[in-house]
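**Student:** Below are the structure tokens for one structure; questions will follow.
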Amino acid sequence: MSIKSVPSRSDAPDNGERRQLQLLIVDDDVTQRSLISAAARHAGHAVTLARSCAEAIEQVRTARFDCVTLDLMLEDGDGVEVLQAMAGAKFAGSVVVVSGMNADRRIAARSYARSLGMELQSLPKPLDLAALRICLANLGKTAMGLPVMHIWGGVKVDGVAEQHRS
């Protein structure tokens, strides 16, 4: 069962204010979901939770998200199945893998996502909250076409960071 937050701000402001981004958090670990959710809400994002591959696949087929945080190892399957469903749904947002899998597995997921036409960033578990906060702050900036202020792990975000480096 998924849980959707009730937006606290207008989803489409007309006064130049930052639009609230829609974030899907896919993780079967309650602690990780809570940490990511709290950081995302603090950054001003609306949050939807999925505890399994099946829930995540249903969400990406029926709703629009600006970003998905994705654990690769879920109780009912592999996060790669969710990436496949996202590609099938023509997902055009950001993907952030948050996984305890080793670096080789996260790199393989990044390569696979690229083959599907998606760019993704990855953060290892245990989750570094500072890195997550930077990542979430950058999501809002890239959605508005603004320069990224921080790069975590040298990941280029939608070409915006590269365009604005000195």
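**Student:** Which residue pairs have Cβ atoms closer than 8 Å, lie 6 or more positions apart in sequence or on different chains, and pair a first residue in the range 24-41 that is in a helix (DSSP H, G or I) with a second residue that is among the basic types (K, R)?
**Tutor:** Q32/K125; R33/R51; A39/R133
**Student:** Residues being touching a helix residue (DSSP H, G or I) at 6+ places or on another chain (Cβ under 7 Å), among the aliphatic types (A, V, I, L, M) and not in a helix (DSSP H, G or I): count how many of those fall in the range 96-117.
**Tutor:** So the answer is 4.
**Student:** For K90, only one of the following conditions fails: (1) in a helix (DSSP H, G or I); (2) out of contact with any Leu (no Cβ under 6 Å at 6 or more places or on another chain). What is its number?
**Tutor:** For K90, the exception is condition (1).
One line per residue, one yes/no per condition, for (1) at pLDDT 90 or above; (2) not small (G, A, S):
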| position | (1), (2) |
| --- | --- |
| L74 | yes, yes |
| M86 | yes, yes |
| L139 | no, yes |
| L146 | no, yes |
| G159 | no, no |
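**Student:** Could you list, in sequence order, the residues of the range 73-94 that are surrounded by fewer than 24 Cβ atoms within 10 Å (Cβ to Cβ) and among the aliphatic types (A, V, I, L, M)?
**Tutor:** M73, L74, V80, A85, A87, A89, A92
**Student:** So which residues in the range 103-143 are farther than 19 Å from L83 by Cα and among the acidic types (D, E), if there are any at all?
**Tutor:** D128
**Student:** What number of residues in the range 61-81 are within 12 Å of the chain's Cα centre (by Cα) and either of a type outside the set (S, T, N, Q) or assigned to a helix (DSSP H, G or I) (or both)?
**Tutor:** Looking only at that region, the number is 6.
**Student:** Further, regarding this structure: Quick one: A103 ticks every box in (1) within 17 Å of the chain's Cα centre (by Cα); (2) modelled with pLDDT under 90 except a single one, so which number is it?
**Tutor:** Here A103 clears every test but (1).
The values are calculated or read from the model by the stated rules, or taken from the named source; none is laboratory data. The shown structure was predicted, so the numbers you read here are calculated from the model rather than taken from an experiment. Positions of Cβ are generated from backbone atoms using ideal geometry, with glycine treated the same way; all protein chains shown enter the neighbour counts.
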